[in-house]
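The values are calculated or read from the model by the stated rules, or taken from the named source; none is laboratory data. What you see is a predicted model; the values in this text were computed from it and never measured. Glycine gets a Cβ as well: all are built from the backbone with ideal geometry, and neighbour counts include every protein chain shown. Surface accessibility is based on the protein's heavy atoms, side chains included, excluding ligands, DNA and RNA. Shrake-Rupley method; radii C 1.70, N 1.55, O 1.52, S 1.80 Å.
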Amino acid sequence: MAELLQKVVEENRQGEAYAPFAGDTNIFHKKFYIESYGCQMNFSDSEIVASILHDQGFGATRNFEEADLVLLNTCSIREKAEQTVRNRLQAFRKTKDKKPGMLIGVLGCMAERLKAKFLEEEKLVDLVVGPDAYRTLPGLITEAEGGQKSVNVLLSREETYADISPVRLDSNGVTAFVSIMRGCNNMCTFCVVPFTRGRERSRDAESIVSECTDLFNRGFREVTLLGQNVDSYYYTPTHDSEGSHESVTFAMLLERVALISPLLRIRFSTSHPKDITDDVLHTMARYNNICKYIHLPVQSGNTRVLQMMNRTYTREWYLNKVKRIKEIMPDCGLSTDVISGFCTETEEEHQDTLSVMELCRFDMSYMFSYSERPGTLAERRYEDDIPEAVKKRRLEEIIKLQNNISRENYQGDIGKTFEVLIEATSKRSEHDWSGRNSQNKVIVFPKGNRELKKGDYVHVKVNTATSATLIGEMV
Ligand code: SAH
Ligand code: SF4
Ligand code: F3S
């Protein structure tokens, strides 16, 4: 099956969508449908699941009504994320009523959080599988096909799926995500991830480099290295593994991936302000193909709140990190995550968050109001005491400020010329290309009459800008 799959993949190489969907081939005797929610790690895991299922003779379909197996890869990060999944499950109910043989499975963080309780709460679910248990999917599916509901939510200290080659789902054939580690050892008090993803572990460096090399050879031109805290990547090869026995830090890994080819762009996410080192910053500066962009979640601009969140840095530490980044890479783009209305946050402390945003001038932020999660340290220790209306108003202030800063930052790029990797035809017009610059800003520009294709690099001069897109022309 693996060989046949490779063939399908090869044939699709030039096509629009890279993933071998069931309609493309008749080598698969059953069909699965998968929907992913949450962070990029979940989307990346779905590609591992697709690979495991392909080996079992399941081909992917984009239409859940024709699937034998419907999977939801779920997220628990905020209450709303879980609500979305529950609503989605209800949408599958009608189809399942008409087609009782169809299996419905819940994967990912919500499966891990709720475990077997999921089967009691949602009667239409047949399978509950946690993020470290995907290798057992074939057995669990067989059990479920026999009419027995099945659950595996065991977390692992070793599993990294290092040897599984992900099947790229819905890929543009240019950019891909590569998981370099799993789990998280930080105990941010608001966060459910350490409970749903388990202990932090780093993936074998050789397997990462070979996956990236393979992607490059297949025409991909950008990889994003993924982990909840990439700066704490640390891999020690075992004595029976081939090659060097030296331990690999994140800076070393970045360099090894950058050396694959100057034409392969490297991005990474997420960095933790306490862990990002000068070594990483200097490595970024040394290689043109490591993108000058860092996503550095701040969460709050107030030291007392940061302490309650157990982020382990202060406001000043964060501001100094940003200063250091700009010293080493003056052109580095920055983005962040912010939470409004965490337990006990005062009006002045909220103002501190706004002032950090002013000082750092992020190009973009993911902004949330605090959502208490069952089982987290904050739920056990603190009262969720900020009224929803206050959280919402503070969030609106944060969003308004970020929109202004984004608009100013984007306008500040007018007149500049950037190297852009072409990713796709623009969604707005088939006459335009869309790509990103090193700083992760989207740039749209007319195709003109040059013979270009996705994956090519061009230089684009910016003429106008909105708060989320640069618009320019090739030079
Ligand atoms: N590992 C990453 C973040 C993963 S979760 C990091 O440490 O930065 C993505 C973002 O969701 C977090 O940065 C945080 O801003 C937000 N988030 C996490 N838990 C939350 C909660 N309980 N309520 C609101 N936002 C939350
Ligand atoms: Fe959650 Fe903190 Fe880990 Fe990020 S670093 S995943 S916010 S516990
Ligand atoms: Fe959500 Fe799990 Fe990612 S909770 S954000 S899918 S690690």
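Ordered by 1.4 Å accessible area with all protein chains kept, Ile328, Ile77 run largest first as Ile77, Ile328. For Asp432, the accessible surface of its heavy atoms amounts to roughly 40 Å² (probe 1.4 Å, protein chains only, rounded to the nearest 10). Computed over protein heavy atoms with a 1.4 angstrom probe, the accessible surface ordering of Arg168, Arg450, Arg436, Arg428, largest first, is Arg428, Arg450, Arg436, Arg168. Pairs exceeding 18 Å between alpha-carbon atoms, taken from Lys321/Lys416; Lys30/Lys123; Lys80/Lys391; Lys292/Lys454: Lys321/Lys416; Lys30/Lys123; Lys292/Lys454. For region 155-212, the list of GluC sites (Glu not before Pro) that fall in a loop by DSSP and count at most 14 other C-beta atoms within 10 angstrom reads Glu158. Note on the chain: with charges restricted to the Cβ of Lys and Arg (+1) and Asp and Glu (-1), its dipole about the Cα centre is near 820 debye.
With a ≥ b ≥ c taken as the square roots of the eigenvalues of the C-alpha gyration tensor of region 93-147, please select rounded if a/c is under 1.5 and otherwise prolate if a/b is larger than b/c or oblate if it is not? In terms of gyration-tensor shape, oblate. For the chain, carbon and sulfur atoms together expose 50% of the accessible surface, with a 1.4 angstrom probe and every protein chain in place.
When both region 55-119 and region 443-467 are represented by their alpha-carbon centers, they are found 39 Å apart. Of the whole protein surface, Thr344 contributes about 50 Å² of accessible area at a 1.4 Å probe radius. Annotation: peptides 184-196, 95-107, ranked by per-residue average of other Cβ atoms within 10 Å with the highest first, follow the order 184-196, 95-107.
Loop-located trypsin sites (Lys or Arg not before Pro) across region 328-396 with a Cβ neighbour count of 16 or fewer within 10 Å are Arg361, with loop assigned by DSSP.
Per-residue SASA remark: His272, around 10 Å² accessible (1.4 Å probe; ligands, DNA and RNA not included). Taking every protein chain into account, the accessible area of the chain amounts to 43 square angstrom per residue (probe 1.4 Å).
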